[in-house]
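To start, the structure itself, in structure tokens.
The values are calculated or read from the model by the stated rules, or taken from the named source; none is laboratory data. Just so it is clear, the structure is predicted and the values come from calculations on it, not from any experiment. For neighbour counting, all protein chains shown are included, and Cβ atoms are generated from backbone atoms with ideal geometry for every residue, glycine included.
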Amino acid sequence: MPRIERTVDVSWEGNVARGRGAIEAGTGAFGALPFSLPSRIGNPEGKTSPEELLAAAHGACLTMSLATELTQAGTPPTRLDVTCRVVMDEVAGEGHQIVGSKVTIRADAEGVDEPALAAAIELADAGCPFSTLLRKAGVEVTISRV
């Protein structure tokens, strides 16, 4: 696989408490996603946060990795529904830290049994760069199926 690089542009106006920012994809895939301290720690009111974007990145990466594993096993998915919840919490002596990424997977793939699906999820998790990054940073990554 070739080296992959992606860029976002972030702008911020004002102080942290009352300021606001916007995140825009360098690819043009999304433009000006608003974020602020209130959207990060309280009611998002239609704005995003760094934690939500991390959850999106981890969930999307794991979904693509699982689709790859199932396809390579000869049981390509009909549909994958993945929910990823990133948790930030106060850690004694370290301030606020990302402490968890909780992933729930619903997979429909014709011809795959439970043991094969479990094996594919394990391989997908091991092959997902975001799962690896989070674990190396000491984040608890949990994956469950529904």
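General remarks:
- Filter result for the condition that a residue is without any contact (Cβ under 8 Å) to a residue 24 or more places away in the chain and either assigned by TED's automatic domain parsing to the domain that holds Ala119 or in contact with a helix residue (DSSP H, G or I) (Cβ under 6 Å, 6 or more places away or on another chain) (or both), over Thr83, Thr71, Thr75: Thr71
- Failed item in (1) in contact (Cβ under 8 Å) with a residue 24 or more places away in the chain; (2) among the acidic types (Asp, Glu); (3) more than 28 Å from Thr48 (Cα to Cα), with Glu140 passing the rest: (3)
- Condition met for Gly21 (small (Gly, Ala, Ser) and either crowded, with 17+ Cβ neighbours inside 10 Å or modelled with pLDDT of 95 or more (or both)): yes
- Taken over region 105-146, the criterion of being surrounded by 15 or more Cβ atoms within 10 Å (Cβ to Cβ), among the small types (Gly, Ala, Ser) and more than 15 Å from Gly59 (Cα to Cα) is satisfied by Ala109, Ala116, Ala120.
- Those strands (runs of 3 or more DSSP E) of region 1-61 in which at least 1 residues are of a type in the set (Gly, Ala, Ser), considering only elements entirely within it, cover 8-13, 20-25.
- Some residue of region 10-18 being assigned by TED's automatic domain parsing to the domain that holds Thr104, out of contact with any strand residue (DSSP E or B) (no Cβ under 8 Å at 6 or more places or on another chain) and aliphatic (A, V, I, L, M): no
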